[in-house]
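The values are calculated or read from the model by the stated rules, or taken from the named source; none is laboratory data. None of the values given here were measured: they were computed from a predicted structure. Don't worry about glycine lacking a Cβ; one is built from the backbone with ideal geometry, like all the others, and counts go over all protein chains shown. For the accessible areas, the whole protein counts, side chains as well, though only heavy atoms, and no ligand, DNA or RNA atoms are used. Shrake-Rupley method; radii C 1.70, N 1.55, O 1.52, S 1.80 Å.
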Amino acid sequence: MRAALRRRLLQAVHTDALAVFDGGVWQTRCLHCRRALSLREDGEALGTTSLEHVVPSAWFGKRAAAAFTARVGEDAEDPRNLALACAACNHGKGCSHDARGPGDERAREVVSALLDARLARWRDAGPRD
Ligand SMILES: [Zn+2]
């Protein structure tokens with residue numbers, strides 16, 4: 001797995017209030033379905049763990065998404081915009097919502113709810129970062 005992806009997965013888990021580090025493995029829950037997910041200490045994703053961009057990367061720079069992108073600092077790779085999700089949940093969101101773009105009302109609802117959930121789980125990263 002690419003180093004940049006491992007680093008982003010670790011940033012997401014370090015700033016996730018639900019994440020606990022136990023036995024060399026990070027344990028947390030999918031942002032969508034709350035299924036248990038795990039990540040190795042070096043950032044290698046285990047099982048179906050994948051990196052979710054809560055506000056889709058393609059929405060950045062689009063006027064209709066400005067209210068969302070402002071909440072994560074105008075950077076798709078900001079840790080506030082990163083979360084762990086099941087590959088299936090992540091892929092489903094990407095296909096059914098993200099692709100419609102920020103002009104779609106249902107897509108905005110889904111992204112808004114996920115962003116609220118992500119920011120509610122935010123914690124400042126510890127000395128590991
Ligand atoms: Zn899930």
Worksheet entry | For the chain, the longest site-free run once trypsin sites (Lys or Arg not before Pro) in DSSP loop states with at most 15 other Cβ atoms within 10 Å are removed | 63-122
Discussion item. Accessible area per residue for segment 3-120 in Å², computed with a 1.4 Å probe and the full protein assembly in place, what is it?
Written reply: 47
Discussion item. I want to verify a result. In a Gaussian network model of the chain, Cα cutoff 10 Å, which of these has the top mean-square fluctuation: S50, S112, S96?
Written reply: S96
Discussion item. Pick from A70, A19, A117 the residue whose mean-square fluctuation is largest in a GNM of the chain, springs joining Cα atoms under 10 Å.
Written reply: A70
Worksheet item: Roughly what would the spin-label model give for E109 and A58, points 7 Å off Cα along C-beta, in nm?
Response: 2.1
Worksheet entry | Exposure of T48 as accessible area (Å², to 10), given a probe of 1.4 Å and all protein chains | 80
Worksheet item: Ignoring ligands, DNA and RNA, what percent of the 1.4 Å accessible area of the chain is carbon and sulfur?
Response: 50
Fill in: Helix-derived mean residue ellipticity, 222 nm - over the chain, DSSP H n ≥ 4, -39500 (n - 2.57), to 500
-10500 deg cm²/dmol
Response to the item:
The distance between the Cα centres of segment 64-129 and segment 1-34, in whole Å, is 15
Worksheet entry | Leading residue at positive end of dipole, the chain (Cβ point charges), from L82, C95, A117 | C95
Worksheet item: With no solvent and one point per C-alpha, what does the Debye sum give as log10 I(q)/I(0) for the chain at q = 0.13, 0.14 Å⁻¹?
Response: -0.48, -0.56
Fill in: Inter-site label distance for L18 and R40 at 7 Å from Cα along Cβ, in nm
2.4
